[in-house]
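The values are calculated or read from the model by the stated rules, or taken from the named source; none is laboratory data. None of these values were measured; they are calculated from a predicted model. Because the Cβ atoms are built from the backbone with ideal geometry, glycine has one as well, and the counts that use them run over all protein chains shown. Just the protein is used for accessible areas: all its heavy atoms, side chains included, with ligands, DNA and RNA removed. Shrake-Rupley method; radii C 1.70, N 1.55, O 1.52, S 1.80 Å.
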Amino acid sequence: AQQIENREQTIGDLVTALGPHLTNKDTKIRIDACTLLSNVIHKLPKDCLNQGELESLVQFLCSRLEDHYTLQPVALSLLLQLSSADNLTGENACSIITSVFKEVHIQTCMQHDRLKIFQILGTLLDIHTKDVITMGRDFLYQYIQVIDGEQDPRNLLTIFQLTKNLIESSFPLFDLVEELFDVSSCYFPIDFNPAAAGKKSTITNLDLVSSLRGVLASTKQFAQYCIPLMLEKLESDVESAKIDSLETLTACLGCYGKQELEKYLSSLWSDVKREINQSSSEQIEKCCLTFLTSLLSNLSSWPVDQKSEKATDLKSFLDDVLEDCVPRLQAQSDDRSKWMAGHVVLACAKSSKKACSQIVTTVLPILLQNAQSKSASTTLAGQSVQQSALDNLVKLTAVCGQFNFENHPVLKKKEEFFTILNELALKSEIEEQLKCIAVAGFASLLKLEILSNVELTEIASLLLKMIKLKPESHLRGEVLSVAGYLSSQHPDVAKSHLIPCVMRRMEEGDDSCFDVLASVCTHFDVLKLVLGFIMERIVNTQVDETSEPLLHACLESLQKMTSSSWVGNTEIEYMALNLVLPLLKRCIEVTLELSVPEQCCANCHIFEDVSKSAAIVIRNVCQKLKPGKSTDLVIQLIASLYNNSKLSSLDIKSDVHFTPFHPKASPLQTRTLCFLPATICALHPNIEIPELAELETKLLNTCLHCTDQPSYVFAAKALSGLVNKYKKPSIPILEKLKSHFDTDPNWSLKSEEEKMMILTLLIWICKALVLSNHPDSLIFIKNLLYWMGDDSVGEVAAAGFDIILRESNEVLSPSSHSTIRLMHKQRFFLLIIPEIVSSFKTSENKTQQTNILTALSHLIGHLPKQVLMQHFTELLPLLTQALHTDNTQLLKSVLSTLFCFIQDTTEAMTAHLENLMKHFLRLSKFKQDIDVRVKAVQCIGVVTLLPPIVILPFKNDIVRHLVSVLDDRKRDVRTEASKARSEWFLVGT
């Protein structure tokens, strides 16, 4: 093949060399020669052979089809390869098709050979469409003969696609339309079950159904046969057949027009109406309504004879629908027929602007009359009728919002509708659900854009009255949603009416309206007004116990505003300058005010809670900042504040020095480092940070020397975020970290507090490196494993594995643009598992061994089962050893993992079964924790999946043991014990 590709030899030379073998009297030798030729051609590029060579090969292979029938599979394989060759001519393509149809008795071939023939036809039709079309009726007739009676689903999938392509290629169907339809539709409806067929195939029933539907809906010429067939199948008692018929009819509407559908309209409506009224299947109802929408959409596109006085086909059809639905909608009862009539009307209205206009003109007055019925409030049935009518009103109005009308059909009844909604929303005696529908009605009217300024103001006033509801009320949530939409579409109304009223309430002492301000911030102009108001409240509020609820309410409102999905780059830049900087300034001012010793301790916990909430607000903004002048200004000011302690950067005037990195500074000042993960670490990597190296050095110094725990945790998080995101600038700091984290001979002499400081930094640096798959990850992880042997902080080092793999919102998150590689957890596991096994085996320190097992439990809790299964042999001894501990969290993790192992590696568990069963039986009575007992009993039950010959010796002892577990005081344990005992009873039967 390589020589032919390089033009050192030709395919003709190969055929000549194989000549004696290709013409040998022994059939097997001829087959072997053809197979060799096939293998060579298979390795050649599609453009390697020229037209002459292809023509010779085609003639030779077509003659092989006339040879012994055992040669046909090899010849077909060769023809399939040649059919996609670039230089194959249309004449050769037609020769291949003719020879296949003439010489191969396709129905008697094996499945894979028939599939090759269908693939040859499909490939030649796709590439040489015009040439195949010239074969005319003969090709179509032969094709119908070939596909007739095919039963294999793999071949059928290819046939259906081939038939669809044939029709869509504008191949004339001549007088064989009915025949082609018959050989395709005979499979309808398809009911294929791969499992029942006993075949391992990726083909599903849905694949076949969709492919056949594509054939039936591919041409309007099938309409005269397809529509009657679908109507016939619609009368079937099989639900799947009904659904398939309706979905196929819906698909056919894409190509059918007036000529094909006109005479079937009445039959279609009567059959669909019957299914809607009589069916108990929600899926059938949904399909019927979808079909109605598509049918009316099709009717709306039919040409209209302007000279004719006869009603259009659309109007006539809708008249029939309304004639059936209107009496049901008028009825003063709320039953299924009325409910379905409402759904039918809505489905029709969705179809087109014309249909919607006619539906609204007829139905809207009826629904309005039912919605304002005087009997509605006196009886339960009347309330139900009113609610049903109002619900349909709101939905119908919402449908109208999908179309643009010159003369809106709702306009005539707008005032009446508006009055009804107003009355219902203000009535105190009606149910909350009805009020929710009324509020939704206001939203639908707003979307129609037909309300006057006076009506918009009335809606705003009404919403303000309803806002006084309880915060957890569902109705209040609906009201706030509508208020937000009103603000987004009509900001002037919100600025002139909504927001001033809310602000007045808040100035009068009502602090429950902050969520209202956040909800109406759906427009830039409104956001500027609200942001200024809230920031003014924050700046003018003294931080103490009495003001804490107010500050939290302000910050929660700002969190909602900054996390809104509508906020764009313009709004973010504005908030960076007018929210981030002022809020940070206020927080720094508070720390300076409270830094005096007599106030620091008293207000430290209050400021810590407030600063955490403020950091969330700032982070939401900084995460969305893009490179630009505004961003550069904000970052320069923040960097100058922290790096150079310049209070003037934020225009702060104070006699107290700001020293957030000084180990002996006030905790209030050092805890302002919580704003670094929210600002510097939340930025996009393309945004340059001034004096980054200096900032990292100061953070490292704080981590190693500051004794205030929140402060050094914030510093560790900030440093990890920078190391993760900025690799090259962080190389020097990593070298410093390595020297600090190297095993220290004086490690045991350090105080527990010093160990915790260094260990906290180590854990977060490990997390930063693991997420980015840094090559130095293993160096730091080994240090973490080493420190697990320490009696004072070993448990913390083990818990660090959970921190490393657990997602964090503050720092090292995707939203903060951190470097997070795909499959980093799996890579970390593969990297660390040899070290864990080695450390556990070589360590003589029981504390270290226990902590290593705890770390392993954290590790396996974050990994997919498939990864763990690959390392079953290394993990099982460690997991077995872990069962000796009394650590509840460790036991639960290990038992869950063993449960999975037993399910998927039944044979490999046999050697360890006796040892494991002892632990399972002991832990089934573990008094300290119910979950451990439950998981242990589940493991006992799942062991029954092992071969009976292996577990039969344990049967009697386990059955007796489970009797005592059935008396456990917790029902969950008793339930699992009952299941496990039943499973063990069946072992060996």
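Here are the numbers:
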quantity	calculated
Where S815 falls short, out of the listed (1) touching a helix residue (DSSP H, G or I) at 6+ places or on another chain (Cβ under 6 Å); (2) within 18 Å of L719 (Cα to Cα); (3) assigned to a helix (DSSP H, G or I); (4) among the hydroxyl-bearing types (S, T, Y)	(1)
Segment 800-812: number of residues that are open to solvent by less than 40 Å² (accessible area, probe 1.4 Å) and part of a helix (DSSP H, G or I)	5
Segment 851-878, subset touching a residue at least 12 places away in the same chain (Cβ under 8 Å) and more than 34 Å from the chain's Cα centre (by Cα), residue surrounded by the fewest Cβ atoms within 10 Å (Cβ to Cβ)	T873
Odd one out for F160 among (1) of a type outside the set (S, T, Y); (2) over 21 Å from L80 (Cβ atoms); (3) in a helix (DSSP H, G or I)	(2)
Those residues of segment 946-983 which are more than 15 Å from K925 (Cα to Cα) and part of a loop (DSSP other than H, G, I, E, B), in sequence order	L946, P947
Candidates V937, V932 - the one that is under 17 Å from T854 (Cα atoms), surrounded by 16 or more Cβ atoms within 10 Å (Cβ to Cβ) and either modelled with pLDDT of 90 or more or not assigned by TED's automatic domain parsing to the domain that holds W984 (or both)	V932
In segment 820-836, the residues that are open to solvent by 20 Å² or more (accessible area, probe 1.4 Å) and assigned to a helix (DSSP H, G or I)	H824, K825, Q826, R827, L830, L831, P834, E835
All positions within segment 621-672 that are of a type in the set (D, E, K, R) and open to solvent by 50 Å² or more (accessible area, probe 1.4 Å)	K624, K626, K629, D632, K646, D651, K653, D655, K664
Filter result for the condition that a residue is at pLDDT 90 or above and not assigned by TED's automatic domain parsing to the domain that holds V793, over P710, P660, P685, P667	P660
Segment 615-657, residues that are touching a helix residue (DSSP H, G or I) at 6+ places or on another chain (Cβ under 6 Å), under 22 Å from S565 (Cβ atoms) and assigned to a helix (DSSP H, G or I)	A615, I616, V617, I618, R619, N620, V621, C622, S630
Residue list for segment 214-250, restricted to those being open to solvent by 40 Å² or more (accessible area, probe 1.4 Å) and in a helix (DSSP H, G or I)	K220, Q221, Q224, Y225, P228, E232, K233, E239, S240, E247
Per-region count, segment 898-941, residues part of a loop (DSSP other than H, G, I, E, B) and basic (K, R)	2
Residue satisfying condition, being touching a Cys at 6+ places or on another chain (Cβ under 7 Å) and either of a type in the set (V, I, T) or in the same structural domain as T847 (by TED's automatic domain parsing) (or both), within set I902, I958, I951	I902
